[in-house]
Amino acid sequence: MKEYVGTDGEIGAISFQIPSANGSLTVRLPANKQTALDALWLDYADGAKLNAKGDAIEEYGNRKKLRRIDFAQQAERTAWKIVQDWVEVQMSMIQLKQADTIQVFLPYIYNGKKTFYQSLKEANYRGLLPEKAGDES
């Protein structure tokens, strides 16, 4: 299943189901175009002075002057390619019995509202990490 964001048909995440002993589990894999755009742009700008919109206001030597928005489509392609590569590696791990399916996709198990990882993060990983001595929370 594809999860669309906005009105321009951009895909923000894909979801699929995996079988488990207790029925099927939904996995939600997002691709974060915005953080990919940030990384590509910062790599390109490489220390250039930026205006409030994040566009460079100085030349880059002999390179063509590009704007941040010029990297948007590449950022989306790159973000999804990273997800594809990650899934292919994880599926190889499963196929070669190096990991099981739940072990690989556990952070991305989705309850319809948030992923397991998002739930842990929101709870500040409570119950997952050892309690500090003298911690009353």
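Here, each number is a calculation from the coordinates, and none is a lab measurement. Because the structure is predicted, anything quoted here is derived from the model rather than measured. No Cβ is skipped: glycine too gets one built from the backbone with ideal geometry, and neighbour counts run over all protein chains shown.
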If we sort 82-88, 120-126 on the protection proxy, mean other Cβ atoms within 10 Å, highest first, what's the order?
-> 82-88, 120-126
Theoretical gain in end-to-end length, Asn32 to Ile82 [0.36 nm per residue, Cα-Cα removed] | 17.0 nm
Between the modelled labels at Lys97 and Tyr44 (7 Å from Cα along Cα→Cβ) the distance in nm is 4.8 nm
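Let me know the volume per residue of the alpha-carbon convex hull for the range 65-137, in Å³. Working shown, then result.
On the way: hull volume 14.3 nm³, N = 73.
Considering the Cα atoms of the range 65-137, their hull volume per residue is 195 Å³.
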